[in-house]
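Data first, discussion second: the structure below is written as structure tokens.
The values are calculated or read from the model by the stated rules, or taken from the named source; none is laboratory data. A quick note: this is a predicted structure, and the numbers were derived from the prediction, not measured. Note that we place each Cβ from the backbone using ideal geometry, even for glycine, and neighbour counts take in every protein chain shown. The accessibility values were calculated without ligands, DNA or RNA, using every heavy atom of the protein model including side chains. Shrake-Rupley method; radii C 1.70, N 1.55, O 1.52, S 1.80 Å.
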Amino acid sequence: MRKQIVAGNWKMNNDLAMTESLITELKKRIKTSEAEMMIAPAFTNLWHAFEALRQSDIEVVAQNMHFAESGAYTGEVSADMLKSIGIQTVILGHSERRAYFHETDELLAKKVNTALKNKMRVIFCFGEELADRKSNNHEAVVKNQVTNALFHLDADAFKNIVLAYEPVWAIGTGETASPEQAQDMHAFIRKTLVSKYGQQVANSVSILYGGSVKPNNAQEIFSKPDVDGGLIGGAALNAEDFMAIVNAF
Ligand code: PEP
């Protein structure tokens, strides 16, 4: 049985006071859920969030990290730093990191290696742009992203990898992939995993969908057989909406 996961990516939102109040609101609404819940606050608020959610069912995860173990990388944060405050999971390859910070598949492969070496779990994001979909290249683009950054790993590494398919044209735009488009791509990704690692590994990897998931569309998207949860941006900034999405399982 694959893990079902709903992860909220807060991006560069919420100062300390807002982090405290959103966590308070989330805690009021936590119910036992089939799905694992995660939130990814900004680096400055990770320790506070981790402490505030220590005894809860919500895992606090990081939005990014550097590939080096330590050193002269001004402004960056290492796996060891994250682990030292209790963070076990990191989001890598978000389309905003790829677009604004020029993160390439090669760089992401290094980050993935470092995270796994440090026994962290990775939520690995990828997805095509609108032009790729319009030119019917979306599967090839996604296959390349996944292959280039992950297919040097051995099968065992996939115990600590969660995939997040996020079509760039659906992130923060209010435009969602239809449940069928999401299912088709997730099935394609799983098939790609089968071809390299076999059915057993492919069946065990959770594939999340991200891109304008809201309380009113979550249930239909999550009902698809290869969709194992969601990576949520905008709607994760509102406790009621985030919990409604979690409860869509
Ligand atoms: C995201 O940034 O990962 C995301 C899916 O954002 P949104 O839900 O706002 O589209």
Kindly establish whether D156 is out of contact with any strand residue (DSSP E or B) (no Cβ under 7 Å at 6 or more places or on another chain), within 12 Å of M185 (Cβ to Cβ) and not in a strand (DSSP E or B).
no
Is it the case that A99 is part of a helix (DSSP H, G or I), small (G, A, S) and either in contact with a Lys or Arg (Cβ under 6 Å, 6 or more places away or on another chain) or over 27 Å from Q4 (Cα atoms) (or both)?
yes
Run down M37, M12 and say which single residue is within 16 Å of the ligand (Cβ to nearest atom) and touching a Gly at 6+ places or on another chain (Cβ under 9 Å).
M37
Take the stretch 202-222 and flag every residue that is touching a strand residue (DSSP E or B) at 6+ places or on another chain (Cβ under 7 Å), part of a loop (DSSP other than H, G, I, E, B) and within 16 Å of the ligand (Cβ to nearest atom).
S206, V213
Within the stretch 65-77, can one find any residue that is open to solvent by 80 Å² or more (accessible area, probe 1.4 Å) and within 14 Å of the chain's Cα centre (by Cα)?
no
Does the stretch 223-247 hold any residues that are open to solvent by 10 Å² or more (accessible area, probe 1.4 Å) and either among the polar types (S, T, N, Q) or within 14 Å of the ligand (Cβ to nearest atom) (or both), and which are they?
S223, G233, G234, L237, N238, D241, A244, N247
Within the stretch 180-201, can one find any residue that is under 29 Å from P41 (Cβ atoms), away from the ligand (no atom under 11 Å from the Cβ) and assigned to a loop (DSSP other than H, G, I, E, B)?
no
Set K110, K119: member being under 29 Å from V246 (Cβ atoms) and away from the ligand (no atom under 14 Å from the Cβ):
K119
